[in-house]
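> First the structure, then my questions, so here it is.
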Amino acid sequence: MTAPTAEIEEQPNDWASVRGGVGDRIFSGLALAAGLTIMAALAGVFIFLAIKGATGFSKSSDVYGPHAESFLGYVFPLLVGTFTASIIALIIAVPLAFGIALVISHYAPRWVATPVAYVIDLLAAVPSVVYGLWGAFYLAKKLVPMHEWLHEHLGFIPLFGEPNVSGRSPLTAGIVLAIMILPIITAISREVFSRTPRLHEEAALALGATRWEMIRMTVFPYARSGMVSAVMLGLGRALGETMAVTMVLSVGFDMSWNVLATASPTSIAANIALKYKERSADLLNVLVATGLVLFLLTFLVNFAARWIIGRSERRMAR
Amino acid sequence: MNHPATTLEQAPAERMHIPLTHPRLPQRAEWIVAGIAAAFGALLLVLGVPTVGAAILAGIAFLVVLPVWSLAVEGRRGATDRLMTGLIWTTFVVAIVPLASLLWRVIDQGAGRIDGTFLSYSFFKTQIDQPVGIYHAIIGTLLVTLGAALISVPVGVMAAVYLVEYGKKNKLAKAITFLVDVMTGIPSIVAGLFAFALFTLIFGPAYVSGFGGSVALALLMIPIVVRATEEMLMLVPDELREAAYALGTPKWKTIVRIVLPTALGGILTGITLATSRVIGETAPLLLIAGATDRTNMNPFDGAMTTLPVLIYGQNLRGDAPAEAIAWGAAFILILIVMVLNLAARIVGKIFAPKKG
């Protein structure tokens, strides 16, 4: 098989233009370069953050401010703040997102499903700073009665301590974050839900299952790994979201589990956005170092999510 | 089972009693209950319950009455099904509420602030009584986003060409695909820190410029462009490529003249959507593009305000005029994003390959 092709390539005919070969090499080289640029960019993010932030891990204790002595002490409350807001967001967004995905994939007739999907995409198109503005100026005030109600009735749980009068609490930030991560979780779970084999569904219905039983018996088992990774991608988005948290919360460093108070720690991203202005070289190094921590954290979460998706796709292809 | 004789005798008698159909609620049961719930809500409204509370209570009434009725007639399984159907539709309604509230708020608060001077003046005052506007931020947004598009479109489209046309699922292509997927999850503030670290290491610690912002945004935009282009290129039928090869067309010319034009509509849609996604980014620009009151036309030198950064700045000030400006700017920003989204759809329709 190889011999004849080699022969043809050795003796170019008139119609096989030589210039085409050169153009091909240039063009494929360009395409390869673009692909490598992407890899280089991702590596560059890590390298430049590492160079700039390396010294931020071990500054003298006064750089880390009045609340912490070491880098670990500085970043730990921020990590707690990041995860508090993100987990509140997930608790609210995940059931909603799965429900909407089911509406689009299984419940609504086609003429309803398309506009529903479009409206959810609109949620993704709204800039984060507008969410922040809405959360800070409007939603926070509207949620004050809810804060008071939670404190009054569930105050025995340490999460719901003394509420903040302005409503600008981690709970509010979490609710805004939930709206922001809703579209991505919906989009991915919608995709995996609609990929359930039609025959499985119809077999379940033919055995007399109601629609909900059909979904529980065929759709969920089939989509389980896709749902897990959708949640993780949502988590990755929530961890790195900056503006909504920055604008709703003010900075606090007190370690507390009270999700209704303002003084609870803010998130890593929000802290960077609030502090970068001081532009003192030492603090900037520390901020870049916290950014590196955030980058690695979201990278790991996304990496795991994509790996789970990829694994399930390979299993289904078999 | 132990007494086959008796069961055999009894079986026919029992079988006679098995109904062939299950009792069901009337077909319009949902509408009947919805009517009852609406009436209940209206009654609450008359009794002085606030609108939001009445709507929520009416919704809960619907979610309770229908399953209970179903439990009485259809049994446990039917009731569960009806409850879950109700809950799943509720999720959609719940998600619509914040979107509607946000859009209404932005239009209500923002539209009134928009006029000629708001769009044509900057914050920089040459006279004491000069009106302020957001002209400088609109220009900044357009320049920074244009820069990001100029960087990310060639890289993104060519990378997608490599993945689909040249890579053909080899190890490198697989690695790039995976990294692009992971890259979509990079937090925007990390992209900003990257641009900040890169440019301050090269040009010194006080460096700010619109171009730096473009680089940060490009990092966020490239993966979206790659994914959209890749998907479109894979939709181009192989017959077209093979027909071109059969005519002796070199591969690069096939790609440039046949494959890319066929996929053009989808690619343009993807690029426009990617642009609308990054045009509202704030955090990276805060770090590297800075903020200024003047109109800056040079993206390579000096701070450059964009609409999102301006909104954030006004939010920090927090007084009433600043809040009004913030809502006005938010209105313009959402308008730009919506126009881009609409344009993406129209462009996709216009350039869609002709059928038949």
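> Contact list please: Cβ distance under 7 Å, first residue in the range B:168-184 and more than 15 Å from B:E231 (Cβ to Cβ) and at the interface with chain A (Cβ under 7 Å from one of its Cβ atoms), second residue surrounded by 13 or more Cβ atoms within 10 Å (Cβ to Cβ) and among the aromatic types (F, W, Y), pairs at least six apart or on different chains.
Partner pairs satisfying both residue conditions: B:V182/A:F299; B:V182/A:F303.
> Could you tell me which residue of the range B:311-328 is nearest to B:T292 (Cα to Cα), considering only residues that are hydrophobic (A, V, I, L, M, F, W, C) and facing chain A (nearest Cβ under 9 Å)?
B:I311
> List every residue pair whose Cβ atoms lie under 6 Å apart, where the two residues are 6 or more positions apart in sequence or sit on different chains, the first residue falls within the range B:197-208 and is within 10 Å of chain A (Cβ to nearest Cβ), and the second residue, located anywhere, is assigned to a loop (DSSP other than H, G, I, E, B).
B:F199/B:Y207; B:T200/B:Y207
> Being outside any helix (DSSP H, G or I) and surrounded by fewer than 23 Cβ atoms within 10 Å (Cβ to Cβ) is the filter here, so list the residues in the range B:302-333 that pass it.
Listed by number, the residues that qualify are B:G302, B:A303, B:G318, B:D319.
> Given the conditions (1) closer than 30 Å to B:I222 by Cα; (2) hydrophobic (A, V, I, L, M, F, W, C); (3) touching a Pro at 6+ places or on another chain (Cβ under 9 Å), and given that B:A148 satisfies all but one, which numbered condition is not satisfied?
(3)
> If you scan the range A:266-314, which residues turn out to be buried (at least 19 other Cβ atoms within 10 Å of the Cβ) and among the charged types (D, E, K, R)?
Correct list: A:R306 only.
> Can you list the helices (runs of 4 or more DSSP H) lying wholly within the range B:1-80 that have 3 or more residues being at pLDDT below 85 and not assigned by TED's automatic domain parsing to the domain that holds B:P98? Talk me through it step by step, then tell me what you get.
Values: elements: B:4-17, B:29-46, B:51-73.
Helices (runs of 4 or more DSSP H) meeting the threshold: B:4-17.
> So, in the range A:182-222, of the ones that are among the β-branched types (V, I, T) and touching an Asp or Glu at 6+ places or on another chain (Cβ under 8 Å), which residue ends up surrounded by the most Cβ atoms within 10 Å (Cβ to Cβ)?
A:V219
> Is the range B:128-135 home to any residue that is buried (at least 19 other Cβ atoms within 10 Å of the Cβ), of a type outside the set (D, E) and farther than 30 Å from B:L66 by Cβ?
Yes, because at least one residue in the range B:128-135 is buried (at least 19 other Cβ atoms within 10 Å of the Cβ), of a type outside the set (D, E) and farther than 30 Å from B:L66 by Cβ.
> Also: Residues that are touching a Gly at 6+ places or on another chain (Cβ under 7 Å) and not in a helix (DSSP H, G or I): does the range A:129-149 have at least one?
yes
> So A:L159 ticks every box in (1) surrounded by fewer than 24 Cβ atoms within 10 Å (Cβ to Cβ); (2) more than 9 Å from chain B (Cβ to nearest Cβ); (3) touching a helix residue (DSSP H, G or I) at 6+ places or on another chain (Cβ under 6 Å) but one. Which box is left unticked?
With respect to (1) surrounded by fewer than 24 Cβ atoms within 10 Å (Cβ to Cβ); (2) more than 9 Å from chain B (Cβ to nearest Cβ); (3) touching a helix residue (DSSP H, G or I) at 6+ places or on another chain (Cβ under 6 Å), A:L159 is out only on (3).
> Under 7 Å by Cβ, and 6 or more places apart or on different chains, what pairs join a residue from the range A:39-56 that is touching a residue at least 12 places away in the same chain (Cβ under 8 Å) and within 7 Å of chain B (Cβ to nearest Cβ) with one that is part of a helix (DSSP H, G or I) and surrounded by fewer than 16 Cβ atoms within 10 Å (Cβ to Cβ)?
Every condition considered, the pairs that remain are A:K52/B:L201.
> What residue, of A:S61, A:S86, is over 22 Å from A:T196 (Cα atoms), of a type in the set (S, T, N, Q) and out of contact with any helix residue (DSSP H, G or I) (no Cβ under 7 Å at 6 or more places or on another chain)?
When all the criteria are applied, what remains is A:S61.
> What are the residues in the range A:200-234 that are away from every other protein chain (no Cβ under 14 Å) and among the hydrophobic types (A, V, I, L, M, F, W, C), if any?
Correct list: A:A203, A:A206, A:A223, A:M227, A:V228.
> Scan the range B:129-150 for residues that are farther than 21 Å from B:L286 by Cβ and within 23 Å of the chain's Cα centre (by Cα) and jot them down.
B:L150
> Within 29 Å of the chain's Cα centre (by Cα) and facing chain A (nearest Cβ under 10 Å) - does that describe any residue in the range B:249-272?
no
The values are calculated or read from the model by the stated rules, or taken from the named source; none is laboratory data. As the structure is a computational prediction, the values presented were derived from the model and not from experiment. Note that we place each Cβ from the backbone using ideal geometry, even for glycine, and neighbour counts take in every protein chain shown.
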